[in-house]
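The values are calculated or read from the model by the stated rules, or taken from the named source; none is laboratory data. In this text, all values refer to a predicted model and were calculated from it rather than measured experimentally. Cβ: placed from backbone, ideal geometry, glycine included. Neighbour counts: every protein chain shown. Side chains included, ligands, DNA and RNA excluded: accessible areas come from the protein's heavy atoms. Shrake-Rupley method; radii C 1.70, N 1.55, O 1.52, S 1.80 Å.
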Amino acid sequence: MPAIPSTTVANLRDLGGIPLSGGRAVRPGLALRAGQLDRLDPAADPEFSALGVRTIVDFRTNAERASYPDHVPDGVHVLVADALADKIAQTGAAPVAAQLKQVLSDPALADEKLGGGRAEALFADTYRALVSTQSARAAYRTLLTELADPDTGPLLFHCTAGKDRTGWAATIVLTLLGADDAALEAEYLSVNAAVREAFAPLVEGFTAQGGDPEIALALIGVRASYLHAAQDEVVARYGHFARYVREGLGVPDEAVERIRQRLTAG
């Protein structure tokens, strides 16, 4: 689906309308994705208000939430689901995916840490952690559990840029609903334009200070290789996606069936 116009929410998209097997599609208005909501102003954003969001799942770290707290409408239920908590505990530092603004403010540090293809390798490692770590599995279990609840109402899930943690979340949902590989990759890559627009001032400042534009592109965009790293990790650890959801995420088949009934149209 095209991005939803919004004056205060970056990278806002509805999964509705994405094609599924058997001529079906995702039902509109129930599963939405976005970047952080720190600039959200419902009073000045009728497009967002019209969505009627009732539940928000926030995949960001403690530091991200403290630096850029979400602004949400009254009555919306917010669930914190830090997907990278264990990755940070293992390494002692937040992955690049959770430090985009900091990294892009220091070209010398970016080149030292991320030059020579290291940015792509670090992102691939982060995507594997989104499959393997306990905190990530708990985060995505929270998302699926909420989507299976008929009382949840329209649900929005997000991280900071709405591309990595959020992108894998969208892939999980769409895979369960029966999207094929082409549809999965198309939705995953479709956020690039919105993300690049949102980060354009930072990238311009980064390159103006001598930063490598290739590093910037690796940081702010998504690449099929990142998605494939997570998908390959699912196969390596669980053999197939259904087992990943059932055993890795701990989501029973009955909940998966409720998600399919709620989110599938046609």
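A few remarks follow.
- Every residue from segment 191-211 that is closer than 20 Å to A3 by Cα and open to solvent by less than 40 Å² (accessible area, probe 1.4 Å): V191, N192, A194, V195, F199, A200
- Segment 64-81, subset within 17 Å of D164 (Cα to Cα) and of a type in the set (A, V, I, L, M, F, W, C), residue farthest from the chain's Cα centre (by Cα): V80
- Residue match in segment 41-48 (condition: farther than 30 Å from G92 by Cα, at pLDDT below 95 and open to solvent by less than 10 Å² (accessible area, probe 1.4 Å)): yes
- The residue of segment 120-147 that is surrounded by the fewest Cβ atoms within 10 Å (Cβ to Cβ), among those that are closer than 25 Å to H71 by Cα and in contact with a helix residue (DSSP H, G or I) (Cβ under 8 Å, 6 or more places away or on another chain), is T145.
- Segment 106-151, residues that are under 30 Å from L79 (Cβ atoms) and in a loop (DSSP other than H, G, I, E, B): T133, D149, P150, D151
- Look at segment 10-32: where a residue is touching a residue at least 40 places away in the same chain (Cβ under 8 Å) and over 10 Å from T264 (Cβ atoms) and a partner is part of a strand (DSSP E or B) and open to solvent by 30 Å² or more (accessible area, probe 1.4 Å), sitting 6+ places away or on another chain with Cβ atoms under 6 Å, you get R13/A3.
- Matching entry among D38, D86 (being of a type in the set (D, E) and part of a loop (DSSP other than H, G, I, E, B)): D38
- Count of segment 11-27 residues, restricted to those that are at negative phi and in a helix (DSSP H, G or I), is 1.
- Failed condition for W168, given (1) at pLDDT 90 or above; (2) in contact with a Gly (Cβ under 7 Å, 6 or more places away or on another chain); (3) not acidic (D, E): (2)
- Qualifying residue in segment 59-82 (condition: of a type in the set (A, V, I, L, M), closer than 22 Å to Q134 by Cα, in contact with a Pro (Cβ under 9 Å, 6 or more places away or on another chain) and open to solvent by less than 20 Å² (accessible area, probe 1.4 Å)): no
- Comparison of T160, T175, T207, T171 shows that the only residue that is farther than 29 Å from G52 by Cβ and either in contact (Cβ under 8 Å) with a residue 24 or more places away in the chain or β-branched (V, I, T) (or both) is T207.
- Of all residues in segment 211-231, those satisfying the criterion of being in a helix (DSSP H, G or I) and under 18 Å from the mean Cα position of the chain (by Cα) are L217, A218, L219, I220, A224, S225, Y226, L227, H228, A229, A230, Q231.
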